[in-house]
1. Output the peptides A:480-486, A:188-194, A:174-180 sorted from most to least packed, where packing is the average of other Cβ atoms within 10 Å over each peptide's residues.
2. Which pairs in the list A:Lys465/B:Lys234; A:Lys428/A:Lys449; A:Lys432/A:Lys473; A:Lys146/A:Lys171; A:Lys171/A:Lys233 are over 18 Å apart, alpha-carbon to alpha-carbon?
3. What's the percent breakdown of Cα-Cα distances in region A:35-86 across 10 Å bins, shortest bin first?
4. Go through region A:476-482 residue by residue and turn each phi into a ³J(HN,Hα) via Karplus (6.51, -1.76, 1.60, θ = phi - 60°); whole Hz please, and just put x for glycine and proline.
5. Which value results for Rg/Rh of region A:180-230 when Rg is the Cα radius of gyration and Rh the Kirkwood radius based on the inverse mean 1/r?
6. Within a 10 angstrom radius of the beta carbon, how do A:Glu61, A:Glu12 rank from fewest other beta carbons to most?
7. If amide hydrogens are placed 1.01 Å from N in the peptide plane, which non-local residues have theirs closer than 5 Å to the one on A:Ser336?
8. Skipping prolines and chain starts, which residues have an amide H placed within reach, meaning under 5 Å, of the one on A:Gln283, given they are 5 or more residues away or on another chain?
Amino acid sequence: MKEHEPKVMALEAYRDDLLSAAGRARFERHLGECSVCTEHLEVMDQYAALVDEAAALDAPEINWDRFEARLDAALDEVDAEAEAPAQAPAPRETSNVRRLFWPAMVAAAAAVLFVINPGAEQGQGEQASTEQATGQPPTPAPEPEKVTGWVTLAAHDATVQRADGEPEGAKPGGPIEEGMSLRTGPESELHVRLAKDTGMVVWPDSEVTIEGLRDNGVRLTLVRGTVSNTVRKLGEGEHYEVTSGEYTTHVRGTRFAVRRIEGEVSVALFEGRVEITRAGERQAILEPGGKWTARERLVDMTDRAPHGMTESSSSWPTVALPVLPEVVTWELGDHSYSATGGLAMRQPPGPLQLGFTDTRGTRHALTIDVGTDGTELSEKAVDEVLAEAQAAREGYLSPEQITPVVRSGLAQLQRCYERSLRRDPELKGRLKLRIRVAPNGKVSRAQLKGKLPIELERCIESQAKQWSFPRPKGGPVSFDVPLNFQAKR
Amino acid sequence: MCRAHHVLVSNHSAAALQAPFAKRPQGAIFATRPRSAMSGGRTRVGDEQELIERAKAGDQAAFRRLFVAHREQVLRLIHRLLGPSNDVEDVLQEVFIHVYRSLGSFRGEARFSTWLYRLTTNVVRMHLRKGKSRPKLVPAGDREEVMLEKPNTETPAAVAERTERIKALYRLLDGLSEKKREALVLHDLQGMSAAEVAKVADVPVLTVRTRLFYARKELYAALANEPALQNAAKSLTSAARGKRGKKRTAAVEAEEAGS
C-alpha cells in the first residue's frame, strides 16, 4: 500500500472532474491503493458539505424600520461631528443635515393645533376656535378639575412617563393624567380613553404629550408620528386640541388623524369638518374624506378608532397576548399588531375573536374565552390552531433535504441534454422544473415551465420522476428547480 | 486543445429552493424599491450612477434609495463573513456609516457594488480584529435566531445541531489569515467567482486562486484534526453521496472550468 503526502491539487482536479478520461482512470487505480488519498477525499467532501450547509443559511432578518431609525440617529452624530468645528451650532433644520428618511426620527418645526368644537355653528365655531388658537379662551371659566383617563390597549413596548418620573411600560388600565408623555416604538401602539367616548390611538413611532386633561377638555401635543382621535360631540366651553408648531387646525369634526412624516404635516378627516390655519391665515377647510398636507405629497391615513372607549371599559378584565414563537402579527378588528412584543387590552368578559399570522404568512382565527378575572392566551391554544391548520396544508421539506437529491439528479438531466445536443449542437435554454413530492417522498409530478425540444422535456421529466426525497412533513410539497442549459466552451 | 464542455447549470441555491415554503412578510417599501444593480439590473447602472451623484451632493432621498437597493446584499455578505453572530446588525450599520462618510471618495472606477463589497469586507475585517465579533455563538435554544432563520417545522434539535456545525466551521476559518479567510468566504460561501473576489480584494486573479488553494489546504488539515466535526459532516455527506460535492454553485464552477 502506498502512503504519501496527499497531493491536494491533484485531488481537487479529480474531485472537480477536471481530469481527462485516461488521467481519471489512472488516478482511480492509484486511489485503490492509497488510503491517505481516499481519506483526504473524504475530508474534502466533508468540507464541501459544511460549506454548502453554511452557504444555505439565510442571513438574519432585520427589522428595517427600526434599523433605519437607528442608522438615522447614527448619521446625525456623524453630521454633528462634521459640523462641530464649524461655526456656532445652527438649528438642525437649517443646517445642511442630511436627514434621511424615516418618520420615527423626524421632528421638524411644523406644528398643528386642532381645536374641536363640533357643537357650535360654523360661524361661531370658527370665531371661537380662532380665539382658542391664540390662547384666549372664549369664556372665562373656573379652574377646571383634573380628570384621569386610562390605557385600553398596549402593544409591544409603548411607554408612559410622568413629568417627574421615568418611562414605564404601558399596561391596560394604567392611569393617564395631565403632564404625561406617551411614546411608542416602531412596532408598538397605545390606545387611550381620555374622557367619555373620547380617546386616541397613538400609532407606532409616535410621541404625544398630555398638556391638559381636565373636565372641560383635552390638550395634546403631537411631538412626532401619528395620532388618531375620536372625540364625542363637545358641549359649550369644551375643547379638544392637538398642538404642534406653526400650523393651527381647527377641527369641528369628531374623527381625524394627523401625521408628521419627514417634517410634513398631513391631516385626514373622516367625520365632521376641519379648518387648517397657519399664523391665523386659513390654509384649507376639509370635508369628510378630505386630506390636507403642508407640502405636495399626500399621505394616506386610515380611520382608526381607539379600543374600548365606553365608560365601563375601566372595569373590564385584561386580556394578554404574550410573545409566541409562531405568531408574527395579531389581528384585532380590522387592524393588525406586530407580535414581536406583548399585546394587552381591556376587554369585556365573554368570547373574543382574534386572528393571527404565523411565520409562513398564513392567517388563522382564534376565539378566546375572556373570564371575569382576565385571561392570558396560552402557547398551547395557538399550537392547537396551528396543528389543525398544518393537517390541512402543504407539507414541508427543508432545503437541506431537497438540495442533495436535486444535485445528485442533475447528472441524469445532463445526459438528457447531451443526447439532445447530438441533434442540435447549439441547443440551450433556461427553464423551471416544477416538482411535486408526494407524502411518501416520491415525485408525483415533474413539469417543465419553459421551451425546449419535446424529447428533451420528456427525458427530463421522466428522470425527475425517479427522484426520491425524504418523506415531507405534513403533506405533499411543491417547488421549482431553475435550470439553465448552455453549451460552454 | 480547447474542448467544448456542455454544461447543465442549475441555479438551485438554497434560497431559491426555500422560496416556495418560506413566505416572509414584506412591507410596502420592498414592493417599490429599485432593483439592485448587483442582482442583474444592468440597465439601471446609469440610474445608479445618477443616484450616487445626487447622494454625493447631499440628496437624502438618493442616499436612501442606494441604501434600500443594496442593504440586503450587504447584509448577506456580512452574515457570510462573520458567521453566526449577534453583531451582524451593528456591522451593517457601521458599513452604511462608512458609505455615508466616504461616498464622496467613490470615483466610479469600479462598479458601485464592488466598491461597496470592498468597503464591507474592510469593515468586517476591522470588526473581527477588534475581537468584538469572534463568532459568538448564540446560546442553544436562542429563540429568535431559530425562528427567524427557519420559520418551518424543523425541530429545535436539528436547528441547534446545524448551528453548532456552522459555528465549528467558522472556528476553523478563524484559524486562517485574514486574506485567505476573506478569499475563501467570498468564493466558497458567498459564491463569487475568483475574478469577482479579485476585484473586491483589489489583487490579481492568480493571487486569489493561490489564496484559495492554500486556504483550503489548511482547512482540510484542520478539519482532519476535528473528529467530532468530521462525524457531524459525515451525516451531511452521506446525504449527498453519489456526486462528489461541488463547493459552490454549479454556475460558478462551470464558469471557471470554462476559463
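1. Peptide ranking by packing, descending: A:188-194, A:480-486, A:174-180.
2. Cα-Cα > 18 Å for A:Lys465/B:Lys234; A:Lys432/A:Lys473; A:Lys146/A:Lys171; A:Lys171/A:Lys233; rest within.
3. P(r) over region A:35-86, rounded to whole percents: 20, 19, 16, 16, 15, 12, 3, 0.
4. x, 10, 10, 7, 10, 10, x
5. Rg divided by Rh gives 0.96.
6. Listing A:Glu61, A:Glu12 from fewest to most nearby Cβ atoms yields A:Glu61, A:Glu12.
7. Placed amide hydrogens put nothing under 5 Å from A:Ser336.
8. Here the answer is A:Ile276, A:Thr277, A:Arg278, since their amide H atoms fall under 5 Å of that of A:Gln283.
Laboratory data are not the source of any read-out in this text; all were calculated from the coordinates shown. Values in this document were obtained by computation on a predicted structure and should not be read as measured data. Please note: Cβ atoms are built from the backbone with ideal geometry, for glycine as well, and neighbour counts cover all protein chains shown.
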